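Remarks on the structure that follows.
What follows draws every value from the coordinates through simple rules; no lab data is involved. Here the structure is a predicted model, which means the values were calculated and not measured. Cβ coordinates were reconstructed from backbone atoms using ideal geometry, including for glycine residues, and neighbour counts include every protein chain displayed.
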């Protein structure tokens, strides 16, 4: 089953900071490096259980510097912010691609609710004058 979802081709577009996934059935998806970084499957991002996810803020300009194959089932993405511990299985990449709009909306809502920013140069502070 994992091979059915394995991309036929993976292209990194560094200038636009997007990873393009092309599948044998003709489907093609472009995922931003920021999106891939904030949804890294690593324990550093996901935590070690439900509710332990760590919100990734300030990743708007992150880029991928390297892509390494991991066996026949995944790739490792190396990001320019030093993050390199997530292994993206073929199934997880396909899930990220097909659920992108909903996941991105959820991420933006979480940033808003936490008072955080996508921009690494912006620090959001809340002030309660009461």
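The figures follow:
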read-out	value
Taking the range 2-114 and dividing mean pair separation by its residue count, relative contact order in percent (alpha carbons under 8 Å, at least six apart)	21 percent
Ranked list, fewest to most other Cβ atoms within 10 Å of each Cβ, for 33, 22	22, 33
More than 24 Å apart - percent of Cα-Cα pairs taken over the chain	30 percent
Cα gyration tensor category, rounded, prolate or oblate, for the range 47-105 with a/c compared to 1.5	rounded
Residue order, fewest to most surrounding Cβ atoms within 10 angstrom, among 21, 77, 87	87, 21, 77
Order of 32, 117 - criterion: other Cβ atoms within 10 Å of each residue's Cβ, fewest first	117, 32
Value of Rg/Rh across the range 1-49 [Cα atoms, Kirkwood radius]	1.06
